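The values are calculated or read from the model by the stated rules, or taken from the named source; none is laboratory data. All values reported here derive from a predicted model rather than from experimental measurement. With ideal geometry, Cβ positions are generated from the backbone for all residues, glycine too; neighbour counts draw on all protein chains shown.
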Amino acid sequence: MNLVKTTSTLSAENISVWFGERQVLENVNLVFPANKVTALIGPSGCGKSTFLRTLNRMHELIPGAGLAGSVYLNGEDIYADGMDAVSVRIKVGMVFQKPNPFPTMSIRDNILSGLKLSGRKIENAEELVETSLRRASIWNEVKDRLGDQAISLSGGQQQRLCIARSLAMNPEVLLMDEPCSALDPGSTRRIEETISELSETMAIVIVTHNMQQAQRVSDQTAFFLADENTPGGVVEFGSTEQIFNGPIDPRTNDYVNGHFG
Amino acid sequence: MNLVKTTSTLSAENISVWFGERQVLENVNLVFPANKVTALIGPSGCGKSTFLRTLNRMHELIPGAGLAGSVYLNGEDIYADGMDAVSVRIKVGMVFQKPNPFPTMSIRDNILSGLKLSGRKIENAEELVETSLRRASIWNEVKDRLGDQAISLSGGQQQRLCIARSLAMNPEVLLMDEPCSALDPGSTRRIEETISELSETMAIVIVTHNMQQAQRVSDQTAFFLADENTPGGVVEFGSTEQIFNGPIDPRTNDYVNGHFG
Amino acid sequence: AQAAGVSISGKGSSFANGMLQACAAAYTNNNVTYTSTGSGTGRTEFAAGNIQWGATDAAYTSGFPSSSYVTIPLFGGPVAFVYSAVGVGDGLNLTPQIISGILKGTITRWDDAQIKALNTKIKLPKKGIKVAYRASGSGTNSNLTNYLNQTVGGWVKGSNDMVAAAGGSGSFSSNATSFANSQLLAAYVEDNSNAFGYFDLSDAITADVGIAKLKNAAGTFVAPTASAAGRFINAQTPITGGTDATNGTLNIDFTKVVPGAYQLSIVTYGLAPRNASYPAKSTNATKLAVQDWFNYMIKTCVPAKAATLGYVPIGSSLKTAVLNQIKTIG
Amino acid sequence: MSQSQTKPQRRKLSAGPLSRGDKWFFRTTSAAAHFAFVLVALVLGFLLFQAWPVLQSQGVNFVLGSTWDPDSDPMVLQLGPMLWGSLLIAVLGILIATPMAISMAYLIVFMLPKRWASVATTLIDLLAALPSVVLGLWGLLVFTPIAAGWAEILNKYLGFIPLFQVTDPENGFMRSPFIAGWIVAVMIVPIITSVTREIFSQLDRDLINGALALGGSRLSTFRRVIMPTASSGVVGGVLLGLGRAVGETVAIFYVLNLSMEINWMNLVEPHGGAVASWILARFGEASPLEKQGLMAAGLVLFILTLIVNYIANVIVNRAQPWRKNQ
Amino acid sequence: MSNSSIRARQPWRRANISTSIQIVLASVIPLPLVMLLALLAGLDLTMSFITLFVPLQLIVSSFVGYRAFGRRGIGDAILVVLTIFFSTFVLILLLSVLYSVITEGAKAISFQFIGQNNVYVSPTTSLDYGGVGHAILGTLIVVLLTTLAAVPLGVAMAIYLTQSQSKTRNLVRTFTQALSGLPSVVSGLFILSIIEATQMGRSGITGSLALFPLMLPTVARVAEEALRLVPVDLRYAALALGAPNYRAFFQVILPAAKSGLLTALLLGLARVVGETAPLILTMNPSSGTNLNPFDGGMTTLPTYIYNYLASSYQTSQARAWGAALVLLMVVGILFALARILGKSKSKKSKATK
Ligand SMILES: Nc1ncnc2c1ncn2[C@@H]1O[C@H](COP(=O)(O)OP(=O)(O)OP(=O)(O)O)[C@@H](O)[C@H]1O
Ligand SMILES: Nc1ncnc2c1ncn2[C@@H]1O[C@H](COP(=O)(O)OP(=O)(O)OP(=O)(O)O)[C@@H](O)[C@H]1O
Ligand SMILES: [Mg+2]
Ligand SMILES: [Mg+2]
């Protein structure tokens, strides 16, 4: 799989990943262009989440983690010497599978938490809170109770709050790890809408188990697979249209048509 | 939906369920005829597992649980006064989402555990172990190490062991709650084969999130749905063929075609 | 090591601890356990019937056992005034008046004029005195109070014949530090410079402290030694023909003029049951064992070991009376 | 599709007869469990029975007054200085122990590599079981001279603060509430560390990862996410330590100069109080009447720990909805 | 696609390592400096450490942190330095306890010290005679009796708290917790008041009774946790197979929780084995060996220490230290056992996941 490094916002080159002695990913090459949504699909345990975490240097927090290859953000290697992990994470936002708002903070403080945590000055706090919540399409639901505890929200609202929290940092890339798997249909629909809107201003990478969701929201799709006892890797990567309607690899075909998993 | 109570093995009538004051199911009517596989599908949290647990009186183990309606096993109300929960559970077996063999017992003892636990005599132990393991299509894999700890098996094998453990009790109905969701494709395929074979001798009820699986294994399908803050219920119930290819309710159509969840 | 006979346990005087432990260890007819708790505890525990025998430096004046019992003088010894004043060796000269002043907090410095006047040859430290005293009910305290009250005056006793010390209404300076038993007190004086305290001579010999000379009624300064204490004790008169409470005790007069005597010397009494049903956990065998144990102490152990440990055996003038007292146990 | 218009009737569940074995199983265990009530009632009952005459005759002054004179007629038994001393020492112990325990827990959970973390955990758990008599032994013979040195320095340089004032600096700095506080701190540090470590390690990792993914640094994550989320649990651990500190007997007995003269806050002044040690010191030679007074002191002490425990419970269980899901 | 020559690397380490080196250097340099200053000024070592070394260390580390990470480096450096400082400080204190007990205790300890009793021992007897054998036996007997009552009862409580659905569970839990706050001296007073009310006299059994209210809540609490750790799935699986509750408990839950319950037992033992105050109130000491818990005095290791600590004789203090070391060894053995059992448990539960 030969990908040309073009004007891409984020690209992963020859990424291999280890946990201790065990290799779980081998030679992954993917490019995530600006303003595009990329879906990562594949059966459980094939390394999607792990790969996602290498993209904003969350991977290194796990003791014994190992990595080979490079990740370029606008041409700069985020693993280069002297590159500060914190500055990378500020540019590459992340939303987790389980909504994880800070339980001790109000809705408003959750939005501002990123700035406070990274020690940046907050100007125009009110405006920032409103824009972020609006972009995550949750403003209308919470505008009257910004002071309430974040956990008083429903699961779907919490997840959109977490998205808003990331947006407040104004990231260049947003990583989402199965953001809807714990949510009801209504919330799922709303988050999918949010994703389409956000893709106008940033690159988005989303891991999902839901084939229909991948088809609905993504522009390009990468199919990960790990055979038993071998490291996982990308089997096929291309436009979503192609992956779902004309996959080249028979395993991709099997997977997207629900023959396993 | 008017169902005639005929030669059915198990039937649920007007089942409503509460947790404390919160009602999570309302008025569910379903019939599970002998030798048929029934799939329960629906988005997360709509009450499928809860309903399943009312069918063998596992529901009552949760503090604050409430129930209305009746469940008939061969015409007898299993919730009737003087009916012993233990005797119901012996007739209606259950397999859980996460494989849960008894970790302190060997494979062999796991198979016999049901009889020992329910205080029944064990005759022909060896024969029973073999038949049960054969029916769960795991005999060949474990026949040489029946004395090993059950947890030394792989996830898929453990799940089939749990099925075998239920089969050793010779149940009239087998309930399965997402038995494959934690398993790899190969194990999934084998369990699906087991289900088809078993359906020749008992009624099977299976909860699944995998639409393809429901289509592959079941004869009839019930679609559950719960709108926000209202109790869940059955939206549509019919032959699997009809539910997937000609659903009457538009919500069923949306769901089976992956438009939410 | 398994002892023959029965087990008898006693509690009480920490003043007597050194002597009693030594005798208990050497005694083989029965198994004797002695726990140094302070005379007060010894007496209440004996009165409550919790132990088979007791040891006290002050006889009962209240809280009597509910049954008949015997009080037996076992041995005596001096109470030493000790200090750890830097640069001062043994032999600081002290009077009852100075001691009373130090304990009450009216004399607070080592270089106080009154002390200086008596110790012209010693270079006293220009430091405050850290006073340490016994807080729990002890025979040492009781005798000290009697002594100071008779020689200086103004010292009052509380219940159980002890100084009411810790409550603040007592006679000790509120800056003084209190200790539950004399061994803790000894450790304190040893570890602290410029401290002052008092305890039995046997502890004083083992501890690394200075020992003061005390002015006696005859007007001479005498160091606490077994023989000096013996002179004082053997000059006291025993009481007979009274009650259980008084019989066997000595009528100690701290103002008595005895040449060469160390004035603050005290006597340890053994307590033993006389009633068959007392104490609650006693049997006849245990009473015989107590009898045998006391006989052993008076006849064998104390005369042999007292001198090296800093105690005084009962003098020959008293011995017959004491042995007769022991016969009434049981 | 559903035909029932009337509200469905809830049925009685578990209607079936329990087997004989189960009946016995539940009866026996339930009897055992309810023995907890019996035991608490017995302790309170017996102590109250013994203490009643004293409580009645002394009234509220039993806890407020500061004279303990079993010789006067009528007897005056007032526990004030001991109660206050117990609290003073316990609070001092907590103030010393808490920052250390939190540091230790943070070190173990967030800084040490796994192997060292488990070594440290074992060590701390072991030290939590140090018998207090051993601690007293160490306190008396090893620690007191050292801590007296610290107290002297504090008095020398910070003597203008009432906390570190003494009436007579010549008097040595031993056997003060300051030293007892340190001993108590050494005793409860492992307990608080254990609880805090447990809570830190059970913190939702997603929450910490969330903070790190938002560009949080070590300090900001600790201050804004870890501590606020763990605080109520940590407070629970601290109060557990406080309960222990208030009830500590032998260790304090060895290192404190017990005095009925109240010491409000002069930490390095060589006298103070502690109810439990007072009981131990007095009971041996107490007359039957004074013994009743000591029983009353025990009762008051137990009630004090009950109150501390109750507050701990309330704080730990107070609105923490994010814990319910776990 | 696969390229077998690639190796696992940790690129993020590089930055960390250079910072770490700077931090280590920064920590090492102030140390001799401060020592020298302290030596010259004749300052107390702990004090100079606190007043000079720590502030110096804070400044240097903040500087290094700032150079590596900018402003946030300052805060992180301060956090790290303070954490390490406080932890080290408290560890030194705690280890000093262990160190004192071990070095001082080692002087007294010998086979004869562990084996012999105390009958022929006086304060001046040399350390070659007598020992704590009787106290070890006394401790074992008293604690064993407590255990016989507290463990079955505590485990039964834990069963009730985890297996039944009864409404009084929370109340039982609250009371158990209240009991766990019972000061040990109060427990002693409680039994003492019973002794005095019933005239039963003191013996080993009264000591055991005084320990009982202290051990019970510990066992109940830890046992409850151990039973709670057994996945509820297992219980449901057993019940779904038609097991009555008691069979599900004894055949499935109990075997799975066995090591956890043993931990409960050992922690309960550790809670009471060092108790002193309640035993002083409720038992008479004995210098001889007494194996009859219903009659006569009995010495336990803590009361032995307590009594010997009350003596200024060198040998007596040495005996107290020796007994403390023996006591610590007993506690240590209990903990090692608990730890080993706890380990095998966690391995098992990992394997089930
Ligand atoms: N912290 C870790 N330590 C060791 N191995 C890990 C760790 N996290 C994940 N793994 C292993 O790495 C492999 C990939 O895991 P990962 O979570 O990335 O899979 P995934 O594709 O996200 O699966 P899922 O769809 O279930 O989320 C798995 O085999 C997993 O067991
Ligand atoms: N023990 C319980 N106590 C209270 N509420 C419960 C309990 N178990 C389930 N519920 C609630 O009942 C509803 C139905 O839950 P249930 O587990 O039956 O859903 P489900 O359809 O099986 O979902 P899933 O597909 O995620 O397994 C949910 O809203 C859930 O929150
Ligand atoms: Mg994942
Ligand atoms: Mg479910």
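Elements of the type helices (runs of 4 or more DSSP H) sitting completely within the stretch B:129-220 and holding at least 1 residues that are farther than 28 Å from B:TYR255 by Cβ and more than 13 Å from every other protein chain (Cβ to nearest Cβ): these cover B:139-142, B:155-167, B:185-198.
Right, E:ASP128: of a type in the set (Asp, Glu), modelled with pLDDT of 80 or more and surrounded by fewer than 17 Cβ atoms within 10 Å (Cβ to Cβ) or not? The answer is yes for E:ASP128.
Could you grab me the full set of residues in the stretch B:82-99 that are facing chain E (nearest Cβ under 8 Å) and within 24 Å of B:THR201 (Cα to Cα)? Even if it seems obvious, please write down each step before you answer.
In the first step, residues of the stretch B:82-99 are kept if they are facing chain E (nearest Cβ under 8 Å); the result is B:86-87, B:89-90, B:93-94, B:96, B:98.
B:VAL86, B:SER87, B:ARG89, B:ILE90, B:GLY93, B:MET94, B:PHE96, listed by residue number.
The residue that is nearest to B:ASN100 (Cα to Cα), counting only those in the stretch E:253-276 that are in contact with a Phe, Trp or Tyr (Cβ under 8 Å, 6 or more places away or on another chain) and within 14 Å of chain D (Cβ to nearest Cβ), is E:LEU266.
Listed by first and then second residue, the pairs with beta-carbon distance under 7 Å, at least 6 apart or on different chains, first residue in the stretch B:221-241 and of a type in the set (Phe, Trp, Tyr), second in a loop (DSSP other than H, G, I, E, B) and within 16 Å of ligand 4 (Cβ to nearest atom), are B:PHE223/B:GLY42; B:PHE224/B:GLY42; B:PHE224/B:CYS46; B:PHE224/B:GLY47. I'd like to check something: does the stretch B:28-46 contain any residue that is facing another protein chain (nearest Cβ under 8 Å), closer than 22 Å to E:PHE249 by Cα, among the polar types (S, T, N, Q) and in contact with a Gly (Cβ under 8 Å, 6 or more places away or on another chain)? No, every residue in the stretch B:28-46 fails to be facing another protein chain (nearest Cβ under 8 Å), closer than 22 Å to E:PHE249 by Cα, among the polar types (S, T, N, Q) and in contact with a Gly (Cβ under 8 Å, 6 or more places away or on another chain).
Only one of the numbered conditions (1) within 16 Å of ligand 3 (Cβ to nearest atom); (2) more than 9 Å from every other protein chain (Cβ to nearest Cβ); (3) of a type in the set (Phe, Trp, Tyr) is violated by A:PHE244, and that is (1).
Put simply, of B:GLY238, B:GLY155 the only residue that is farther than 16 Å from B:ALA39 by Cα and not basic (Lys, Arg) is B:GLY155.
Taking the residues in the stretch B:96-120 that are charged (D, E, K, R) and assigned to a helix (DSSP H, G or I) as candidates, determine which candidate is surrounded by the most Cβ atoms within 10 Å (Cβ to Cβ). Write out each step before concluding.
As a first pass, look at the stretch B:96-120 and keep what is charged (D, E, K, R): B:98, B:108-109, B:116, B:120.
Okay, now just the ones that are also assigned to a helix (DSSP H, G or I), so B:108-109, B:116.
Values: B:ARG108: 18, B:ASP109: 20, B:LYS116: 16.
Residue satisfying both the conditions and the ranking: B:ASP109.
Scanning the stretch A:182-225 for residues that are among the polar types (S, T, N, Q) and either within 17 Å of A:GLN158 (Cβ to Cβ) or within 16 Å of ligand 2 (Cβ to nearest atom) (or both) gives A:SER187, A:THR188, A:THR194, A:ASN210.
Within the stretch D:32-86, the set of residues being of a type outside the set (S, T, N, Q), within 8 Å of another protein chain (Cβ to nearest Cβ) and over 23 Å from the mean Cα position of the chain (by Cα) comprises D:ALA32, D:ALA33, D:HIS34, D:PHE35, D:PHE46, D:PHE49, D:TRP68, D:ASP69, D:PRO70, D:ASP71. Scanning the stretch B:152-173 for residues that are of a type in the set (A, V, I, L, M) and more than 18 Å from B:ASN210 (Cβ to Cβ), we see that the one that is nearest to ligand 3 (Cβ to nearest atom) is B:LEU153. From (1) in contact with a Gly (Cβ under 8 Å, 6 or more places away or on another chain); (2) crowded, with 19+ Cβ neighbours inside 10 Å, pick out the condition that doesn't hold for A:GLN212. Of everything listed in (1) in contact with a Gly (Cβ under 8 Å, 6 or more places away or on another chain); (2) crowded, with 19+ Cβ neighbours inside 10 Å, A:GLN212 misses just condition (2).
Taking the criterion of being of a type in the set (Lys, Arg) and in contact with a strand residue (DSSP E or B) (Cβ under 9 Å, 6 or more places away or on another chain), the only residue of the stretch A:146-200 that qualifies is A:ARG165.
Per-residue answers, yes or no, for (1) under 14 Å from the mean Cα position of the chain (by Cα); (2) within 16 Å of ligand 3 (Cβ to nearest atom); (3) surrounded by fewer than 19 Cβ atoms within 10 Å (Cβ to Cβ):
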residue	(1), (2), (3)
A:GLY20	no, no, yes
A:ALA34	yes, no, yes
A:GLY47	yes, yes, no
A:THR50	yes, yes, no
A:MET58	yes, yes, no
A:ALA65	no, yes, no
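How many residues does the stretch D:100-158 contain that are closer than 25 Å to E:ALA310 by Cβ, more than 7 Å from chain E (Cβ to nearest Cβ) and surrounded by fewer than 18 Cβ atoms within 10 Å (Cβ to Cβ)? So the answer is 2. Of the listed requirements (1) within 16 Å of ligand 4 (Cβ to nearest atom); (2) surrounded by fewer than 18 Cβ atoms within 10 Å (Cβ to Cβ); (3) modelled with pLDDT of 90 or more, B:GLU172 misses just one: (1).
Here is a yes/no grid of residues against (1) within 12 Å of another protein chain (Cβ to nearest Cβ); (2) among the aromatic types (Phe, Trp, Tyr); (3) closer than 25 Å to C:PRO96 by Cβ; (4) surrounded by 20 or more Cβ atoms within 10 Å (Cβ to Cβ):
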{"residue": "C:ALA204", "(1), (2), (3), (4)": "yes, no, yes, yes"}
{"residue": "C:PHE221", "(1), (2), (3), (4)": "no, yes, yes, no"}
{"residue": "C:ALA226", "(1), (2), (3), (4)": "no, no, yes, yes"}
{"residue": "C:GLY260", "(1), (2), (3), (4)": "no, no, yes, no"}
{"residue": "C:ARG274", "(1), (2), (3), (4)": "no, no, no, no"}
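Name the residues in the stretch A:122-140 that are among the hydrophobic types (A, V, I, L, M, F, W, C) and within 13 Å of A:ARG108 (Cβ to Cβ), would you?
Of everything in the stretch A:122-140, those that are among the hydrophobic types (A, V, I, L, M, F, W, C) and within 13 Å of A:ARG108 (Cβ to Cβ) turn out to be A:ILE122, A:ALA125, A:LEU128, A:VAL129, A:LEU133, A:ILE138, A:TRP139.
Pairing residues of the stretch A:38-66 that are within 19 Å of A:THR240 (Cβ to Cβ) with residues that are part of a strand (DSSP E or B) and within 9 Å of ligand 3 (Cβ to nearest atom), at Cβ distances under 7 Å and at least 6 apart in sequence or on separate chains, gives A:LEU40/A:VAL207; A:LYS48/A:VAL207; A:LEU52/A:ASP177; A:LEU52/A:VAL207.
Checking every residue in the stretch E:90-110 against the condition of being charged (D, E, K, R), at pLDDT below 90 and more than 22 Å from the chain's Cα centre (by Cα) gives zero matches. Being small (Gly, Ala, Ser), crowded, with 24+ Cβ neighbours inside 10 Å and facing another protein chain (nearest Cβ under 8 Å) holds for only one residue in D:GLY273, D:GLY247, and it is D:GLY247. For the stretch A:62-77, a residue qualifies if it is more than 9 Å from chain E (Cβ to nearest Cβ) and of a type in the set (A, V, I, L, M), and the qualifying residues are A:ILE62, A:VAL71, A:LEU73. When B:SER132 is tested against (1) free of Cβ contacts under 8 Å to residues at least 60 places away in the same chain; (2) in contact with a Ser or Thr (Cβ under 7 Å, 6 or more places away or on another chain); (3) closer than 21 Å to B:VAL205 by Cβ, exactly one condition is not met: (2). Taken over the stretch E:94-111, the residue count meeting the criterion of being surrounded by 18 or more Cβ atoms within 10 Å (Cβ to Cβ) and assigned to a helix (DSSP H, G or I) is 8. The set of residues in the stretch D:159-205 that are buried (at least 24 other Cβ atoms within 10 Å of the Cβ), hydroxyl-bearing (Ser, Thr, Tyr) and closer than 19 Å to D:LEU88 by Cβ contains only D:SER176. The condition (being in a helix (DSSP H, G or I), over 30 Å from B:GLN158 (Cβ atoms) and away from chain D (no Cβ under 11 Å)) is satisfied by just one residue among E:ILE280, E:ILE205, E:ILE305: E:ILE205.
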